[in-house]
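The values are calculated or read from the model by the stated rules, or taken from the named source; none is laboratory data. No experiment lies behind these values; they were computed from the predicted model shown. These area figures cover heavy atoms from the full protein model, side chains too; ligands, DNA and RNA do not enter into them. Shrake-Rupley method; radii C 1.70, N 1.55, O 1.52, S 1.80 Å.
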Amino acid sequence: MNEVVHTSPTIGSNVEEIIQHKTHFLMWDIGGQENLRSTWNTYYSNTEFVILVIDSTDRERLTVTKEELYKILAHEDLRNAAVLIFANKQDIKNSMSTSEISKFLTLSSIRDHPWHIQGCCALTGEGLPAGLEWMISQVAAK
């Protein structure tokens, strides 16, 4: 959000508050490494949204991403959660489009969770406000 932050993979979790049009989001960034995935369910209670960030250039990990997404969505504590998928790195040549990612993940088969896929570029922030706007629209619809 208006600042480039050089990051390394999240170990454990980070918490950040983001404000978009007077709506406050408390976001937990939880590490995605395989050895951390067994702890994810400790964060699920009272979760309204799951935001999945996909590296649109990494075709090799998309199969694992799909498996993990459907495991998450099957969890009882997330039965009412909406899903926002950020397809990051859309600025890079030969990255997968949101349509291509959506088809691979079979997002159209998700019927019990509202979902949205949003192309973005974390370096420039392009697409991030649109994703948050979708989340705000989901809050308003409840």
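Quick one: accessible area per residue over region 47-141, 1.4 Å probe, rounded to a whole number of Å²? Could you put the intermediate results ahead of the total?
On the way: 5190 Å² over 95 residues.
On a per-residue basis, 55 Å².
Using C-alpha pairs under 8 Å with a sequence gap of at least 6, the mean separation divided by the residue count of region 34-142 gives a relative contact order of 27 percent. When nucleic acids and ligands are ignored and a 1.4 Å probe is applied, K103 ends up with an accessible area of around 150 Å². Sequence-distant or interchain residues sharing an amide H contact under 5 Å with M96, placed H: which? Counting only residues 5 or more places away or on other chains, the set is T57.
Taking only protein heavy atoms and a 1.4 Å probe, the accessible area of region 86-142 is 56% carbon and sulfur. At the residue level, D91 shows approximately 90 square angstrom of accessible surface with a 1.4 angstrom probe and all protein chains present.
Rank these residues by their accessible area, most exposed first, probe 1.4 Å: S56, S137, S102.
Working: S56 0, S137 55, S102 25 Å².
Final ranking, largest accessible area leading: S137, S102, S56.
Of H113, H75, the order by accessible heavy-atom surface (1.4 Å probe, DNA, RNA and ligands excluded), from most exposed downward, is H75, H113.
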